[in-house]
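Worksheet: one structure, shown below.
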C-alpha cells in the first residue's frame, strides 16, 4: 500500500510514538517561525527553558502584526525579540520586511521540511510541499529547544483537482469552495492534500493562498506536491538548491476524497461572519460597499498585486469607497515600484499600507459603522475588523479590485479578456532587513532588552485533586479565539503583559467576565461546538489561566486551542452527552473530584452540577504525555521536570 505525501514527510520525521492512524506521534521540527503578537511570550517561554541556542535548522522571528506604534509597547517588544533572536541563534525579520508567511515562502521554506509557527496560518508553507503547522507559542519554544512537536496521526483528505480555472476565477475561489463543502470544522484532525491534473495549472502563490486558508477548515495543515512549478519558483528566488520533487505514491490510500473541477468554479465570497458562509457573487447580488482592503498573508503576493494593478490601470476608485492595499513583503513592494505597478495603484487612489498584517487583525483600517468591507483576507469573524457591526466579506483580489471601481460587489468576469499573468524568472532579492544571529562565540555578550510592558509568564499549578468552582461564563457554538482574546490596535500591544490583556478576555461576549472571573478566584467555562476556532494565540488560554479558569467544558474543541489549554494546565473537557450543555447555566457550581485518579483510569470523568443537583459525564481525550502535562500544571512545568 502506497503512502500519501503527508505520510511520507511525517514518517521521515517521526521520533516518538506509533505511526498508526489516530495515535499521538512526535515529529522532529526542522524550522520554526514566530510573529510579534505571539513571539514575545514564546521567547519568554524559551528563556525559561534555559536552552542557550536554538537546535532547529532555521528559526525566524518576524515583526509583522504589532507594527502600529501608538505607544512604547510595540516598539519595546520589537527590541526584545530582536535581542533574543541575536542571542539565541534566531534570524530576525525587521518591521517592514513583510508578513511572516509571505516572506518565509519566499526566503526560507523548503519542500519536505517540517515547520511549526506561532500563527495559525503557518500552513501557507504547504504551497511548496512542506508540512507546516500552526501551534501555540509554547510548542514553538519547545521545538526551538530541540523537543518534538506532537500531533495525532491525522486523517488525510485528498482534494483532487481537475481542469483549470476560468479567466478571473482565482485560487481564493478554490479554497472558498472547499470551505463551502466542508465547513469551518470539517478539517479537524485532518490534513488536506491536493492532487490531480489541476495542480499543475496553479502557481506557487495560488497554491499558498489555498493552503493558507486551509486553517479556516480547522485542519492540521494542507499540502501540495513539490513539482516543476515549485522548482521554478525556488529558482526565481535564488534557492533552487533546496528543491526536491515530492508527490504521493500512485496507490496512496486516502481517508476521504473531494473532487473539484476547477473549470466549473465561479467567483465566490464568504459572507459575514464566518469563512464558510460562502455564496456566489450572483447569489449575493449588487451589494453597495464602503471599503476594500487588499493584502494579508492570503493574497498579497506579487502575482495578486499585478492582477490588481491591471484592473485598476487608468481607473479611479469609486468616490464612496476607501481602498487600501498592503503588499505582502518588501520584495513584492520593491518589485511593484520597479515595474511601475505601484504607480498605477497610487494613481487609481489606493491607500498604500506597509507590508504587514494591518487590517486583517484589526490593526487600522476599521470600516465605518455598519460598513460593508470586501477583504482579500482569511477571516471575517464578528468584530475582528475593529468595528463591532462591520459587515466583512472575504473575496479574491480580482473581485476586490473591480468592486473598488464600481462601488458595488462586482463579478470580476465582467472585466473582459484576462491577460496571462506570469511570475518573473528572477525575483528581486535583498535580504538586508533580515538580521542573522550573533556567532556562537559572541552570544554571551548580547544584552536582552526588556521594556516595562513585558511581564513574566503566568504561574500555573499542578492539577488539583478536586475542582469545585462556579461556571463563570457560558457561550455558544463556534466561539473563536477573537472572542476569547480579541486582537486590534488597542489590545495587541498588551500581548507581553498577561495581567493587562486579561482585562479584555471575552470582551466581545461579556465585558464583565474578567472582573467576575477574578472575583470568583476559580471557575469553569461552558462552551458549544468548535470552541476556540481561529488563530493560534495562546493568550486565549493564558488570560483565562490568569483569571483562575481551571477547566473548559464544551461540545467540541478546535485543535490548536485545545492543545494550548493543555499547555497552560487548563482541563479541556467535552460533554459525553451534549444535551447536558443545555442543563448548565452561568453561576452553577460544578464539582469534579479525585481528578488525577479519574484521568489515569480512562477518558470518562464524573462531574456534578451541585446547584441543580444532577450528575453528568465529561470526556478528556488526551495522550499519556498530555495527561502528564496536566498533572504537572502545563507544558512549561512538564518540560522543566523532564529536562
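Each value in this text was obtained by applying a stated rule to the coordinates, not by laboratory testing. Values in this document were obtained by computation on a predicted structure and should not be read as measured data. Cβ coordinates were reconstructed from backbone atoms using ideal geometry, including for glycine residues, and neighbour counts include every protein chain displayed.
Listed values, structure above:
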| read-out | value |
| --- | --- |
| Spatial separation of Cα centroids for the stretch 352-417 and the stretch 456-493, in angstrom | 30 Å |
| Structure-based [θ]222 nm, the chain - -39500 (n - 2.57) summed over DSSP H runs of at least 4, per residue, nearest 500 | -8000 deg cm²/dmol |
| Inter-part distance where the stretch 102-169 and the stretch 539-561 are each reduced to a Cα centre, Å | 24 Å |
| Binned Cα-Cα distance frequencies in the stretch 472-513 - 5 Å width, integer % | 5, 25, 32, 23, 11, 5 |
| Computed Rg/Rh of the stretch 350-416, alpha carbon atoms with Kirkwood Rh | 0.97 |
| Förster-model FRET efficiency, 56 Å R0, residue 343 and residue 263, C-beta, rounded to 0.05 | 0.95 |
| Share, in percent, of DSSP beta bridges within the chain that are antiparallel, nearest 5 | 35 percent |
| Cα pair count fraction exceeding 25 Å, expressed as % - the stretch 214-323 | 46 percent |
| Alpha-carbon Debye profile of the stretch 325-366, log10 I(q)/I(0) at 0.17, 0.27, 0.32 Å⁻¹ | -0.46, -0.93, -1.09 |
| Rg/Rh (Cα only; Kirkwood hydrodynamic radius) as it applies to the stretch 268-410 | 0.94 |
| Packing rank of 115-125, 406-416, 288-298, 366-376, where each peptide gets the mean count of other beta carbons within 10 Å, highest leading | 115-125, 288-298, 366-376, 406-416 |
| Hydrodynamic radius of the stretch 537-643 per Kirkwood, over alpha carbon pairs, in Å | 14.4 Å |
| Rg in Å to one decimal, and Dmax rounded to a whole Å, for the stretch 5-264 via C-alpha atoms | 18.1, 57 |
| Kirkwood hydrodynamic radius of the chain, Cα pairs, Å | 24.7 Å |
| Mean shadow area of the stretch 64-159 over all directions, Cα convex hull, nm² | 7.5 nm² |
| Ratio Rg/Rh [Cα only; Rh per Kirkwood] for the stretch 383-511 | 1.13 |
| Angle between the chain longest axis and helix 171-182 axis [Cα atoms, degrees, rounded to 10] | 40 degrees |
| Calculated diffusion of the stretch 467-641, Stokes-Einstein form, Kirkwood radius summed over Cα pairs, 20 °C and 1.002 mPa s, µm²/s | 134 µm²/s |
| Bridge type composition, the stretch 268-410 - antiparallel percent by DSSP, nearest 5 | 30 percent |
| The stretch 268-410, relative contact order [Cα under 8 Å, separation at least 6], % | 36 percent |
| nm² value of the averaged projected area, convex hull over the Cα atoms of the stretch 265-330 | 5.8 nm² |
